[in-house]
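Asks: Take this structure first; my questions come after.
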């Protein structure tokens, strides 16, 4: 089942993947320079920022202590 979370993750990667594809294209043409429109650069910046914030959130969740209390009263 596709959830809103999956859609957001895919959307985050769109501009990053576009950037990677352009780099590969220009490398295949042996280009020495690559120019990016400001709008594309801002979109890439936004995707990288979202990705880093998601990573930070995941790391913070991993660091949270989980307390489990087991009682054997009914055994």
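Asks: Based on this model, can you work out whether residue 32 counts as modelled with pLDDT of 90 or more, over 11 Å from the mean Cα position of the chain (by Cα) and surrounded by 10 or more Cβ atoms within 10 Å (Cβ to Cβ)?
Replies: no
Asks: Related question: Among the residues of the range 3-29, which ones are exposed (fewer than 11 other Cβ atoms within 10 Å of the Cβ) and either farther than 19 Å from residue 54 by Cα or at pLDDT 95 or above (or both)?
Replies: Within the range 3-29, 21, 24, 27, 28, 29 meet the criteria.
Asks: Modelled with pLDDT of 85 or more and touching a helix residue (DSSP H, G or I) at 6+ places or on another chain (Cβ under 8 Å): which single residue out of 53, 44 fits that description?
Replies: Of 53, 44, the one residue that is modelled with pLDDT of 85 or more and touching a helix residue (DSSP H, G or I) at 6+ places or on another chain (Cβ under 8 Å) is 44.
Asks: Report, by residue number, each residue of the range 35-53 that is farther than 11 Å from residue 13 by Cα and surrounded by 11 or more Cβ atoms within 10 Å (Cβ to Cβ).
Replies: 36, 40, 41, 42, 45, 49, 53, listed by residue number.
The values are calculated or read from the model by the stated rules, or taken from the named source; none is laboratory data. Because the structure is predicted, anything quoted here is derived from the model rather than measured. We place every Cβ from the backbone using ideal geometry, glycine too, and count neighbours over all the protein chains shown.
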